[in-house]
1. If each DSSP helix of 4+ residues adds -39,500 (n - 2.57) and the sum is divided by the residues in the chain, what number results at 222 nm, nearest 500 deg cm²/dmol?
2. Which of the chymotrypsin sites (Phe, Trp or Tyr not before Pro) found in region 53-133 are loop residues per DSSP with 12 or fewer other Cβ atoms within 10 Å of their Cβ?
3. Using a/c under 1.5 as the rounded threshold, could you call region 165-215 rounded, prolate or oblate? The axes a ≥ b ≥ c are square roots of the C-alpha gyration tensor eigenvalues, and prolate needs a/b larger than b/c, oblate otherwise.
4. Determine the shape class of region 296-345: with a ≥ b ≥ c the square roots of the Cα gyration tensor eigenvalues, call it rounded for a/c under 1.5, and otherwise prolate if a/b is greater than b/c, oblate otherwise.
5. Within the chain, what whole-number % of the accessible surface is contributed by carbon and sulfur, with the 1.4 Å probe and all protein chains included in the calculation?
6. Find how many whole Å separate the alpha carbon centroid of region 370-392 from the alpha carbon centroid of region 62-92.
7. If a/c stays under 1.5 just call it rounded; otherwise compare a/b with b/c (prolate if a/b is bigger, oblate if not). Do that for region 60-175, with a ≥ b ≥ c from the square roots of the Cα gyration tensor eigenvalues.
8. Can you give the net charge of the other residues whose Cβ lies under 9 Å from the Cβ of Leu344, counting K and R as +1 and D and E as -1?
Amino acid sequence: MTSDPHRPRYHFLPPANWMNDPNGLIQWGETFHLFYQYNPAGAYHRNIHWGHATSADLLYWQHQPVALAPTPGGPDADGCWSGCAVNDYGTPTVIYTGFRLPEVQTPCLAVSHDGLLTWQKWPEPIIPSPPVDLDLLGFRDHTVWHEDGRWVMLIGAGIRSQGGTVLLYRSDDLRRWEYGGPLLIGDAGQFAPVWTGAFWECPDFFAVNGDHVLICSVWDQRPYYTIAMRGEYRDARFTPSLTHKLDYGDAHFYAPQTMPIRDGRRIMFGWVMEGRSEAAVLAAGWAGVMSLPREVRLASDGQVVALPIAEVRQLRGAEQQVAPGLIMPGAPQWVPIRGAHLELEVIMLPPPHGVASVWLRASPDGAEATMLRYDRAAATLTLDRSRSSLSSDVWRDAHHASLPLAPGEPLYLRIFLDGSLIEVFANDRRSITSRIYPSRPDSDGVALQAAGNPAELVTMRSWEMADIWA
Ligand code: DQQ
């Protein structure tokens with residue numbers, strides 16, 4: 001598969017087959033552990049196991065044997081779905097969702113006594129069934145932390161005809177849990193500032209700079225996007241004052257999970273799902289990529305943002321620079337950068353009335369190109385995938401992020417290209433993560449374009465990124 005041009009080289013993914021959510025993120029001793037939703041049988045979502053990988057630096061990974069597999073006849077007979085890992089006073093412990101067909105989801109637990117490699121399951125579900133007074137669409141995904149001497153857990157859910165919710169539980173031993181009510185209930189009938197859907201998958205909850213942040217993945221028959229809510233946590237209830245998309249690539253940054261690490265940072269990985277037909281995915285034999293490791297921060301405008309950890313710079317290889325200057329309106333101006341596994345840094349002053357674009361993964365005739373466009377009047381950054389591939393079975397919808405710039409503030413882009421993966425970070429306050437599948441081998445060019453008025457290029461650098469598997 002290493003010859004597959006769509007396969008990323010500096011992002012984590014299993015050697016083959018299906019991967020979705022990151023699970024059980026934990027720093028244990030000197031090692032970071034990443035578990036993930038995995039189907040060892042093929043590149044499709046069924047019979048989910050927990051895959052496992054370890055790293056000393058969050059950049060380079062060692063594949064480990066599968067950590068959890070469904071137990072025939074058990075509560076997880078048809079899948080070990082998403083969950084988290086905690087340090088139970090020295091014992092690595094995972095809490096995950098046991099899945100049984102047709103639709104039974106129950107919280108399960110397993111412990112490891114050999115350094116997180118093999119896991120012994122607790123014989124019974126740790127919560128036999130969801131609260132009876134709620135008409136729930138499901139009951140899955142877990143985040144657990146220690147608070148005031150007890151364990152607290154959130155479980156994702158949705159209340160029929162009402163909206164997404166997360167349910168709070170408390171425990172002294174991680175095995176017997178008391179229900180403490182919903183932390184928050186969303187309203188699926190409300191569309192502004194952002195629709196929060198029917199079900200909240202993969203909740204994550206933590207403090208940042210004194211405020212609390214609840215992250216949920218919005219689901220309604222399918223994944224939509226991840227939202228971040230910022231607000232006040234008091235008496236087991238959460239009152240958000242700000243709700244927004246966490247990443248503007250919509251379903252391509254889904255089910256993220258965070259872990260606090262010893263140096264004080266909160267590290268996040270998200271699942272970057274494919275954007276092509278099932279047939280194309282099956283033919284490729286692999287599906288799903290992890291985002292770059294990101295650090296969760298509050299952006300200058302108050303939104304929650306997850307930016308690449310500083311260590312990602314260690315992956316930079318050969319550097320190229322483009323001379324600064326004006327980009328006159330008209331045809332795209334090609335720059336002498338080529339590649340499919342690059343980091344690009346672009347700082348430019350977009351025209352006050354007009355549009356500035358960066359063409360990525362572009363063929364020399366422009367037949368294939370992914371356009372990252374900033375429209376200053378609309379204060380919008382758009383990732384336009386409409387010409388990203390000549391192949392007919394890929395997703396081409398555009399992603400939009402509102403990004404107002406202060407007067408005189410340049411547009412500052414960090415763009416990561418890695419085969420079919422693209423991650424864009426703008427002004428340290430927005431991210432757009434997506435997938436593109438250029439079909440031509442010469443679709444590896446980069447160009448700049450202005451429309452309406454000239455744009456000014458201040459800095460442009462690129463780096464060939466390391467192959468973490470080489
Ligand atoms: N993926 C898991 C579920 C979760 C969903 C199943 C989110 O636990 O709700 O693979 O992508």
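1. -500 deg cm²/dmol
2. Those that pass, being in a loop and sparsely packed, are Tyr89.
3. It comes out oblate by the Cα gyration axes.
4. It is oblate, given that a/c is not under 1.5 and a/b is not larger than b/c.
5. Percent of accessible area from carbon and sulfur atoms in the chain: 53.
6. 40
7. Oblate, since a/c reaches 1.5 and b/c is not below a/b.
8. Spelling it out: positives minus negatives among the neighbours equals 0.
The values are calculated or read from the model by the stated rules, or taken from the named source; none is laboratory data. Please read these numbers as outputs of a predicted model, since none were measured by experiment. In this analysis, Cβ positions are derived from the backbone assuming ideal geometry, glycine residues included, and neighbour counts consider all displayed protein chains. Please note that ligands, DNA and RNA were not included when accessible areas were found on the heavy atoms of the full protein model with its side chains. Shrake-Rupley method; radii C 1.70, N 1.55, O 1.52, S 1.80 Å.
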